[in-house]
1. With (1) acidic (Asp, Glu); (2) surrounded by fewer than 20 Cβ atoms within 10 Å (Cβ to Cβ); (3) over 24 Å from Lys142 (Cα atoms) as the list, and Glu119 as the residue in question, which single condition is left unmet?
2. Does region 136-152 contain at least one residue that is surrounded by 23 or more Cβ atoms within 10 Å (Cβ to Cβ), in contact with a Ser or Thr (Cβ under 8 Å, 6 or more places away or on another chain) and aromatic (Phe, Trp, Tyr)?
3. Looking only at residues in region 67-104 that are of a type in the set (A, V, I, L, M) and touching a Leu at 6+ places or on another chain (Cβ under 8 Å), which one is farthest from Ala133 (Cα to Cα)?
4. Please give the number of the condition Glu36 fails out of (1) at pLDDT 90 or above; (2) within 25 Å of Ala134 (Cα to Cα); (3) surrounded by 15 or more Cβ atoms within 10 Å (Cβ to Cβ).
5. Mind checking whether some residue in region 97-113 is assigned by TED's automatic domain parsing to the domain that holds Asp51, within 28 Å of Gly201 (Cα to Cα), of a type outside the set (A, V, I, L, M, F, W, C) and surrounded by fewer than 24 Cβ atoms within 10 Å (Cβ to Cβ)?
6. Are there any pairs, at least 6 apart or on different chains, whose C-beta atoms fall under 9 Å, with the first in region 169-189 and more than 17 Å from Phe207 (Cβ to Cβ) and at pLDDT 95 or above and the second among the hydrophobic types (A, V, I, L, M, F, W, C) and not in a helix (DSSP H, G or I), and if so, which?
7. Return only the number of the condition from (1) modelled with pLDDT of 75 or more; (2) charged (D, E, K, R); (3) out of contact with any strand residue (DSSP E or B) (no Cβ under 7 Å at 6 or more places or on another chain) that Lys4 does not satisfy.
8. On the basis of being out of contact with any Asp or Glu (no Cβ under 7 Å at 6 or more places or on another chain), basic (Lys, Arg) and closer than 16 Å to Tyr31 by Cβ, does Lys135 make the cut?
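The values are calculated or read from the model by the stated rules, or taken from the named source; none is laboratory data. Since the structure is predicted, the reported quantities are computational estimates derived from the model, not experimental observations. Note that each Cβ is placed from the backbone with ideal geometry, even for glycine, and that neighbours are counted across all protein chains shown.
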Amino acid sequence: MKRKLKYSLLGTMVLLIMLFLGFFTWSQQTYKPSSELDTLLDKSEIRYEEDWIIFNQHSSKIGVVLYPGGKVEPEAYSYYGKQLANKGYLVAIPEVHFNFALFDSNKATKIIDNYPSVEKWVIGGHSLGGVAAAKFAYEHPKKVDGIFLLGSYPSEGNDFSKTKTPMLSIYAEMDGLTTVEKINETKKFLSSHATMHEIKGGNHGQFGVYGKQKGDKEAGISIKIQQDEMVSVTSEWIKEIK
């Protein structure tokens, strides 16, 4: 009987190890920045501090933390981050455990603590990164002055509908993953101070610069047009945060 139990436990451990190794291997098959990033940004402008990309760390009173989408490398959001930094904001784009921000949703705490001169913080993310950002904001309301979502929405467990938290939801007409229908279904989880903005012709993958993503629709506009609209809408929204 004891031998049976021993073999059963051993078999379970082997299975769990195999499942973890399979997940780990899959999680490392990431979406890397596409060649189009080279036409938008000089890669020498991408700076690193600890385990996050940082732009404009010395002169801003408002900080922005951007969580990447699932399995998307942080560098894919460098153009968006750099353009927001040009508007006068500190922007940090972290690496996250297993390339999924939901496994590392508290990463913003480390970043916020690292820049004590920053007076206000907004946190956001793309796709699953936005879900993680909303989770962090829900659990740390005193650390966050606003939440922005790029092709994303809060989970049901992070319901902001009874709050006045400034929120921005930027979604795309041709998004095949976070569809317009899904955005409309989850509006009920946004706060009473939520701003909605649809990018006509935009799709899911063009919230970053990493090429096509399985399940997405074909965009009707260029990456640059979508990215520049994201920058414009986000920066105008941040200006309104008191």
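1. (3)
2. Yes, there is a match, as at least one residue in region 136-152 is surrounded by 23 or more Cβ atoms within 10 Å (Cβ to Cβ), in contact with a Ser or Thr (Cβ under 8 Å, 6 or more places away or on another chain) and aromatic (Phe, Trp, Tyr).
3. Ala76
4. Every condition holds for Glu36 apart from (2).
5. Narrowing region 97-113 to residues assigned by TED's automatic domain parsing to the domain that holds Asp51: 97-113.
So of that shortlist, the ones also within 28 Å of Gly201 (Cα to Cα) come out as 99-101.
This time we only want the ones that are of a type outside the set (A, V, I, L, M, F, W, C), so: 99.
Still in the list and also surrounded by fewer than 24 Cβ atoms within 10 Å (Cβ to Cβ): 99.
Yes, because at least one residue in region 97-113 is assigned by TED's automatic domain parsing to the domain that holds Asp51, within 28 Å of Gly201 (Cα to Cα), of a type outside the set (A, V, I, L, M, F, W, C) and surrounded by fewer than 24 Cβ atoms within 10 Å (Cβ to Cβ).
6. That search, which allows pairs on different chains as well, returns Lys187/Ala194; Lys187/Met196; Phe189/Phe160.
7. Of the numbered conditions (1) modelled with pLDDT of 75 or more; (2) charged (D, E, K, R); (3) out of contact with any strand residue (DSSP E or B) (no Cβ under 7 Å at 6 or more places or on another chain), the odd one out for Lys4 is (1).
8. Numbers: out of contact with any Asp or Glu (no Cβ under 7 Å at 6 or more places or on another chain): yes; basic (Lys, Arg): yes; closer than 16 Å to Tyr31 by Cβ: no.
Judged against the criteria, Lys135 is not a match.
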